[in-house]
Amino acid sequence: MKPSTEAEVPARDPAIGGLSGDPAGLLPAQAGGLASWLSEPDELSVTGHRAASRLGQLSWAMFEWARNPYVLLVTIYLFAPYFSKSVVGDPVRGQALWGAIAAAGGLLVGLLAPFLGAIADAGGRRKPWIAFYVVILCGAGLMMWFAMPHANPWQLVFVGALVVLANASFEFSMVFHNSLLPTITPQRSIARLSGLGLALTNAAGVLLLSLMLVCFALPGKVHWSFIPAHPLFGIDNIVAHEDERLAGPASAIWLMLFGIPLFLFTPDRPKGRVKLLDAAVAGVRSVAGTVRSLRRYRNVGAYLLARLFFNDGMTAVLTFGGIYAASTFNWGPIQLILYGIELSVFAVIGGFLGGFLDDRYGSKRAIFISIGGTALAGLASLTMAPDRILWFIPYDVHAAPIWAFKFFNTWPEVIYLAIVNFTAVLITAGYANSRTMLARIAPTEKITEFFGLYQLSGTSTTFLATGFVGWLTAVSHSQRIGLLGETLFLAIGLVLMFFVREERAAAE
C-alpha cells in the first residue's frame, strides 16, 4: 500500500463551486443552476483523475445514507435482540450464538479484506464490485424475513449464514466504496466529503428507526393521535414478530432505493490493466512489507497493537448492547427502537467530545479518558437489573411507574439508559481519538501507508472480541460474565497504550 500523491491542480473557478463558505464545493453555486451540479470541475482528484461533479460527490456520500442503517437495524438494535430472545428462545444461548455468527463474519472479512483492498488499489473499476456486494447484502436482508421464532437447528444455521453473508458483504462493499473517495474529490475536500457521509449515516439511521417505530412497532400498542391504528401493510407486531423480522427487508429496500444515485452519477475508475490475481498477490505482498516495516517504527506498531484490542472491545460493546438490554429488561421492539434512536443522537455528541478531549489533553490522554470511561460504564451497566440498581440497591419491581410515559418508567431502566447514553458518547469519542492518535505519531511521508494498515487492522481482527464474548457466554452460562470479555479487551488495549509515546516518528 503506497501513499497516493497529491496532484498539482489549478485553483477552482468560483462560478463552478468551492467558494470560501463552501470549501467542499457541495452547495449549489450562485450561477449555473443544474449545469453546475452536473459539470466536472476544472480540478483533479487526489489520485490525479478528473474530480467528479458535485452531484457525483454527493451521490458518493448518499451511499453511506443508503447502506449503513443496516448496522443499526440488524446488527445492534432490532434483529440481533430478536434473534437472541425469540429465534433462539434463550437469551444466554442466543448471545453465545450471535457472538459466534459475528465472529464468523469478522473472520471471513479478515481473510479476504487484504485481497479486496489490493484489487481496489490496483486501479480497476469499483462500482461493479460494489453492486455485487449490494446484491448479496440486499438478498440476505430480504431473506431475514423468514427468521421465525423458536427456530430448529437447521433454521438457526440458515439465519446465521444470512447474517454472516450480509455482514461480510457490508464490509466488502465498504472497501470499494471508500476506495472511490480519493478518485472523485480533491485533497482539500476529502475530509469534508467523508464527514458528510458519516453525518448522513447517523441521520438515516435515526430516520429509518423512527419510521419503523411509527409505522410498525407502535400501532395497535398505543393510542396516540399521530400513530396509525394498525401497523402498515397488515404487519403482525404481536404474535408473529413481523415488525422485528422486518429489520432486514427494511434495510435492504432502503439500500436499493437510496443506493441508486451512486451508480448513476458517481464516476468510476477505468478498467485496470492488472489482472485480479496479480493485483491481489501484489497487494498482499505490499501489506506484508508494511507490517515488516513496523520493526523500524516500533512506537507506531505498539499503538496499532493497542488499538487492535480496544477497537475490538468497542465493536463488541456495540454488538451485544441491544441483546443484553432486551433480555435483562424484557424490552420489545418499541423500547429497542427508542433505545437505538436515543443512542444514535448521543453518539453525535461523542464526535464533538472526542475533538474537545484531543485538543485539550492530547490524543493519548484522550484515549485513556474515552476508552477507560467506556470500560467503566460497561461494567456499571452490568450491575443494573429490573430488581436492583448498581447491584446493591434493591428495587421493588411492583413499584408504581415513575412517570406516565408507557416505556422506560422504572428507575433501573432510566439509570441504565443514562449509563449507556454515556457509553455511546465515549465510544464515538474513542473512535475519533484513535484515528487522530495515528495522525499524530505516524511519519508524515508514510501517513497514507500507515492509515491503510490502520484500516486493515480494524477490519481483519473484529472476530476476536465478539468470538471471545460468545465463547465466554457459552461456557459460563451467563450473559453478564460473557460481557466481561468486552472489558478485558478494552483493558488490554489501555495497558498497551502505556508503552506508546505521543511523538511523531521520522521516516526512514
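Rule-based calculations on the coordinates, nothing more; no lab input. As the structure is a computational prediction, the values presented were derived from the model and not from experiment. All Cβ positions, glycine included, derive from the backbone under ideal geometry; neighbour counts span all protein chains shown.
Here are the numbers for this structure:
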| item | result |
| --- | --- |
| Which of 502, 244, 64, 413 has the fewest Cβ neighbours within 10 Å, and the rest in rising order | 502, 413, 64, 244 |
| Segment 90-231, dipole about Cα centre (Lys/Arg Cβ +1, Asp/Glu Cβ -1), debye to the nearest 20 | 340 debye |
| Over segment 296-508, relative contact order from alpha-carbon pairs under 8 Å, at least 6 apart, % | 40 percent |
| Added length on full extension, which subtracts the Cα-Cα distance from 0.36 nm per residue, residue 277 to residue 207 | 21.1 nm |
| Order of 133, 303 under a 10 Å beta carbon neighbour criterion, fewest first | 133, 303 |
| Distance (nanometres) between label positions extended 7 Å along Cα→Cβ at residue 481 and residue 227 | 3.9 nm |
| Karplus-derived 3J(HN,Hα), 6.51/-1.76/1.60, for each residue of segment 78-89, Hz, glycine and proline x | 10, 6, 4, x, 4, 4, 5, 7, 10, 5, 7, x |
| Charged-residue dipole, Cβ positions (Lys, Arg, Asp, Glu), segment 201-354 about Cα centre, Debye nearest 20 | 1280 debye |
| Cut-off 12 Å between beta-carbons: net charge of the residues surrounding residue 92, Lys and Arg +1, Asp and Glu -1 | +2 |
| Residues 76, 253, sorted so that the one with the fewest Cβ neighbours within 10 Å comes first | 253, 76 |
| Amide H within-cut-off set for residue 44, under 5 Å, with H built and near neighbours excluded | 51 |
